[in-house]
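Please read the structure below before turning to the comments.
The values are calculated or read from the model by the stated rules, or taken from the named source; none is laboratory data. Worth saying up front: this structure is predicted, and the values here are computed from it rather than measured. Please note: Cβ atoms are built from the backbone with ideal geometry, for glycine as well, and neighbour counts cover all protein chains shown.
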Amino acid sequence: MILYSFRRCPWAMRARLALRYAGCAVEIVEVAMKNKPAALLALSPKGTVPVLDTGDGVLEESLDIMRWALEQHDPQDWRLQADAAAAQRAEALIARNDSTFKAQVNLYKYAERYPQHSREYYRQQAEAWLAELEQLLEGRPYLLADHPSLADAALLPLMRQFAGVEPQWFAEAAYPRVRSWLEGWLASDLFKSVMAR
């Protein structure tokens, strides 16, 4: 199996996380976005990463890759199969992360491209999401259970990107549980293994 990836891309990051967690033997091809390999474009003409060639088919979306990996092997129940309501909440969280929060992170990170408002304004727009996650983390180390789930792994890369825009602000912001959750993931062997150069 071959995964076409770009190390810092949040979508590729979460695909690598799920594949590594599930123990899938996969060759990772690091793609230079300005010089995309012909093999990638042959599999997926849109030319974005991640793209997984399973040998039986091609998956072109990070979430599809994550779900496929968990179907192969899910030792900690990331799919939350023991709790249907939590699994539904996971899907809702991921959908909002990938739409609303993604747009907010873009505006915040690249505020100079969107001079209609200040970076601070864009950050404040995203804070309702942080407050919601802060509440979800009350009394437990992960968003929806006492163990990681698909939602944790799917939300992690974008939150990492958000936190990196103004690290000092994030370090002092009123979201200690979100900070602790993020730091726990970033310090984990799983995350470090998928970020190794």
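Residues of the stretch 150-163 being touching a residue at least 40 places away in the same chain (Cβ under 8 Å) and over 20 Å from residue 64 (Cα atoms), which ones?
Passing the criteria: 160, 161, 162.
Taking the stretch 146-158, which residues are small (Gly, Ala, Ser) and under 13 Å from residue 74 (Cβ atoms)? I'd like the intermediate steps shown before the answer.
The initial filter retains those residues of the stretch 146-158 that are small (Gly, Ala, Ser), namely 149, 151, 153-154.
If the condition is that a residue be small (Gly, Ala, Ser) and under 13 Å from residue 74 (Cβ atoms), then 149, 153 are the ones that fit.
Could you list all residues from the stretch 1-60 that are part of a loop (DSSP other than H, G, I, E, B), surrounded by fewer than 21 Cβ atoms within 10 Å (Cβ to Cβ), within 20 Å of the chain's Cα centre (by Cα) and not small (Gly, Ala, Ser)?
Residues satisfying the conditions are 6, 7, 8, 9, 24, 26, 33, 48, 60.
Out of 68, 11, report the one residue that is outside the structural domain of residue 186 (by TED's automatic domain parsing) and in contact with an Asp or Glu (Cβ under 9 Å, 6 or more places away or on another chain).
Exactly one of 68, 11 is outside the structural domain of residue 186 (by TED's automatic domain parsing) and in contact with an Asp or Glu (Cβ under 9 Å, 6 or more places away or on another chain), namely 11.
Out of the residues in the stretch 85-130 that are in contact with a Lys or Arg (Cβ under 9 Å, 6 or more places away or on another chain) and of a type in the set (Phe, Trp, Tyr), state the one that is nearest to residue 178 (Cα to Cα).
129
Please pick out the residue among 143, 130 that is aliphatic (A, V, I, L, M), in contact with a helix residue (DSSP H, G or I) (Cβ under 9 Å, 6 or more places away or on another chain), over 15 Å from residue 21 (Cβ atoms) and part of a helix (DSSP H, G or I). Talk me through it step by step, then tell me what you get.
Working: 143 fails: part of a helix (DSSP H, G or I).
None of the others qualify; the one that does is 130.
Could you please find all residues in the stretch 100-124 being farther than 26 Å from residue 86 by Cα, out of contact with any Leu (no Cβ under 6 Å at 6 or more places or on another chain) and in a helix (DSSP H, G or I)? Step through it out loud before you land on a result.
Let us first name the residues in the stretch 100-124 that are farther than 26 Å from residue 86 by Cα, namely 106-124.
After this cut, where a residue has to be out of contact with any Leu (no Cβ under 6 Å at 6 or more places or on another chain) as well, the list is 106-113, 115-121, 123-124.
The answer is 106, 107, 108, 109, 111, 112, 113, 119, 120, 121, 123, 124.
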